Amino acid sequence: MTLKIVALAALLGFALGIILALFKIGRIKVLTWLANVYTSVFRGTPLVLQLMIIYFGMPQIIGFEIDAFPAAVIAFGLNSAAYISEIIRAGILAVDKGQREAAMALGIPYKPMMRDIILPQALKNILPALMNEFITLTKESAVVTVIGAMDIMRRAYIVGGDKYAFFEPLLIAGLIYYILVMILTLLGKAVEGRMRKSD
């Protein structure tokens, strides 16, 4: 459950983060303003509050309940997008201006230029920061316990309640999170190493 939430939220956050980053560096002021407000709101409020608003608050507006799993994916994805958009924006702006000028001189349209020239270079620069965001997302996924999602922490609470002993289950939960984070760290280093070799 934890891995599913993290994987889907990371995909949602990454896709939305790219769109927000492009809005921020674009020339349409309304979209830039909206992207900045979005980032400000999601970075300026606690993740657990966002999760509870989506799970407990949204049913009042939409008229039907949202299950814990999709609520967690939506909350984590929307929150992660705010951070990822800033990472991507910084990565795009760090790409040498000469690259953009050369593409424009060759008559390459904006969309292919961003997709094929600017974004691939930006991703190489921001990979460590992106991996750090995914690691943070993995650890923060523990807060889904507050809406009753059957993640690692919830399982630890249930086992602790059944056995009347919480130390061991919580210690094992911590070990599982630590292993997940170490795997992500090693994967990040491996991908980063490959990208450097391909330069």
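The values are calculated or read from the model by the stated rules, or taken from the named source; none is laboratory data. All values reported here derive from a predicted model rather than from experimental measurement. So basically every Cβ, Gly included, is an ideal-geometry build from the backbone, and we count neighbours across all protein chains shown.
Worth pointing out:
- Across the stretch 34-68, the number of residues qualifying as in a helix (DSSP H, G or I), more than 16 Å from the chain's Cα centre (by Cα) and either modelled with pLDDT under 95 or surrounded by 13 or more Cβ atoms within 10 Å (Cβ to Cβ) (or both) comes to 15.
- Residue match in the stretch 11-33 (condition: of a type in the set (S, T, N, Q) and out of contact with any Phe, Trp or Tyr (no Cβ under 7 Å at 6 or more places or on another chain)): no
- Evaluating LEU49 against the criteria (1) closer than 27 Å to ALA90 by Cα; (2) without any contact (Cβ under 8 Å) to a residue 40 or more places away in the chain leaves one unmet condition, (1).
- Checklist (1) at pLDDT 90 or above; (2) farther than 19 Å from ILE5 by Cα applied to GLY174, failing item: (2)
- As a summary of the residue check, LEU186 satisfies the conditions (1) among the aliphatic types (A, V, I, L, M); (2) assigned to a helix (DSSP H, G or I); (3) surrounded by 13 or more Cβ atoms within 10 Å (Cβ to Cβ) except for the one numbered (3).
- Among the helices (runs of 4 or more DSSP H) confined to the stretch 87-157, the ones with at least 2 residues that are of a type in the set (Lys, Arg) and under 18 Å from the mean Cα position of the chain (by Cα) are located at 119-140.
- Of the residues making up the stretch 75-82, none is over 24 Å from the mean Cα position of the chain (by Cα), under 21 Å from LEU47 (Cα atoms), in a helix (DSSP H, G or I) and among the polar types (S, T, N, Q).
- Identity of the residue in the stretch 70-123, exposed (fewer than 15 other Cβ atoms within 10 Å of the Cβ) and of a type in the set (Lys, Arg), that ends up farthest from MET150 (Cα to Cα): LYS97
- Residue among LEU20, LEU31 that is crowded, with 20+ Cβ neighbours inside 10 Å and either assigned to a helix (DSSP H, G or I) or of a type in the set (Ser, Thr, Tyr) (or both): LEU20
- Of the criteria (1) among the charged types (D, E, K, R); (2) over 21 Å from SER80 (Cβ atoms); (3) surrounded by 11 or more Cβ atoms within 10 Å (Cβ to Cβ), which one GLU140 fails: (2)
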